[in-house]
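First the structure, in the form of structure tokens, and then the observations on it.
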Amino acid sequence: MKALIVYHLIAYIKSYNYVAPMSIFIMILVVNYSIYPNPVLASYGATAIYLYIIAAWISLRFFHTEDIVQQQVTILHAGNDKKYFCSMYLAAGCIVALLAFVSIFYPLVFGMFSKQVTLQELGIGFATHCLLGMVAITLSGVFSRAIIAKKINSWLGLSFMLIVSIASLGLEQLIPGYWKYILFILPPVSEMALLMREPLDLHGIFCVYLWTVAYIGVMVAAFFIIYRRKKKFS
């Protein structure tokens, strides 16, 4: 598995597909902290949302690094497609963890905050970035070429999910009656960002973290179920 993860990362680096999204992410960080001092948790909440969007962009391109023929060859060498796609999820997770690290420590190193940052705030900030990044990865997997053949449909579907999940709290007020419960199929992105403020609600954050982890697990399971069903009938 480790060799496969390294292989995916090297292939992605050689593709240069990361240049545009990572450059834009760095620019967003610089602009976000151009006016300081900034509140710690609110700032981390904002950059976690930015990472969520950029991670989805990176991940969908990451799933398409290899062409279809090369992908089949790699799956053959990996032994099975489950191992192949699991290694892709983990490799994409490594990229997200790197971006989360940059998001957390860039403002800290350059003194952009209005107060001393505690270890608790650092931990919550890093966890929030990583979890939202992993949600983006799993969403991208469901909208990747392995599930949806047409590229335009992949990008449109993923973009729709990103927009609706970020705006879900506002949409809840507009949707009548029991229809609002359909929003539970969305990841708790806006809920998590809303909790990133002082005073810190540890119980609320813990509950949303559990919800997010469960959502990630469901999306990974959905990917493999749909992929195998599609493969069986193709």
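The values are calculated or read from the model by the stated rules, or taken from the named source; none is laboratory data. Everything numeric in this text was worked out from a predicted model, so none of it was measured. Positions of Cβ are backbone-derived with ideal geometry, glycine not excepted, and every protein chain shown enters the neighbour counts.
General remarks:
- Pair list, Cβ under 6 Å, 6 or more apart: the stretch 46-62 residue touching a residue at least 24 places away in the same chain (Cβ under 8 Å) and on the phi > 0 side of the Ramachandran plot, other residue surrounded by 22 or more Cβ atoms within 10 Å (Cβ to Cβ) and part of a helix (DSSP H, G or I): none
- The stretch 78-100 residues that are charged (D, E, K, R), paired with ones that are part of a helix (DSSP H, G or I) (beta carbon under 6 Å, 6 or more apart): ASP81/ILE75
- Cβ separations smaller than 7 Å between residues 6+ apart or across chains give the following pairs from the stretch 217-232 residues that are farther than 14 Å from TYR89 by Cα to residues that are of a type in the set (A, V, I, L, M, F, W, C) and surrounded by 14 or more Cβ atoms within 10 Å (Cβ to Cβ): ILE226/ILE147; TYR227/ALA146; TYR227/ILE147; LYS230/ILE147.
- Of residues in the stretch 140-153 being out of contact with any Gly (no Cβ under 9 Å at 6 or more places or on another chain) and aliphatic (A, V, I, L, M), the one surrounded by the fewest Cβ atoms within 10 Å (Cβ to Cβ): ILE152
- Sole exception among (1) touching a helix residue (DSSP H, G or I) at 6+ places or on another chain (Cβ under 6 Å); (2) within 24 Å of ASP81 (Cβ to Cβ); (3) modelled with pLDDT under 90; (4) of a type in the set (A, V, I, L, M, F, W, C) for ALA193, by number: (2)
Conditions tested, residue by residue: (1) small (Gly, Ala, Ser); (2) more than 18 Å from ARG145 (Cα to Cα).
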| site | (1), (2) |
| --- | --- |
| ILE24 | no, yes |
| GLY45 | yes, yes |
| ALA48 | yes, yes |
| SER59 | yes, no |
| HIS64 | no, no |
| GLN70 | no, no |
| ILE95 | no, yes |
| PHE110 | no, yes |
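Each row is one residue, and each column tells you yes or no for (1) touching a Leu at 6+ places or on another chain (Cβ under 7 Å); (2) buried (at least 22 other Cβ atoms within 10 Å of the Cβ); (3) assigned to a loop (DSSP other than H, G, I, E, B).
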{"site": "ILE53", "(1), (2), (3)": "yes, no, no"}
{"site": "TRP57", "(1), (2), (3)": "no, yes, no"}
{"site": "HIS77", "(1), (2), (3)": "no, no, no"}
{"site": "CYS86", "(1), (2), (3)": "no, no, no"}
{"site": "LEU99", "(1), (2), (3)": "yes, yes, no"}
{"site": "GLY111", "(1), (2), (3)": "no, no, yes"}
{"site": "VAL117", "(1), (2), (3)": "yes, no, yes"}
{"site": "LEU132", "(1), (2), (3)": "yes, yes, no"}
{"site": "ILE137", "(1), (2), (3)": "no, yes, no"}
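- In the stretch 196-215, of all residues being in contact with a helix residue (DSSP H, G or I) (Cβ under 7 Å, 6 or more places away or on another chain) and more than 16 Å from PHE126 (Cβ to Cβ), the one that is modelled with the lowest pLDDT corresponds to GLU198.
- Total residues in the stretch 22-37, condition modelled with pLDDT of 95 or more and either part of a loop (DSSP other than H, G, I, E, B) or not hydrophobic (A, V, I, L, M, F, W, C) (or both): 1
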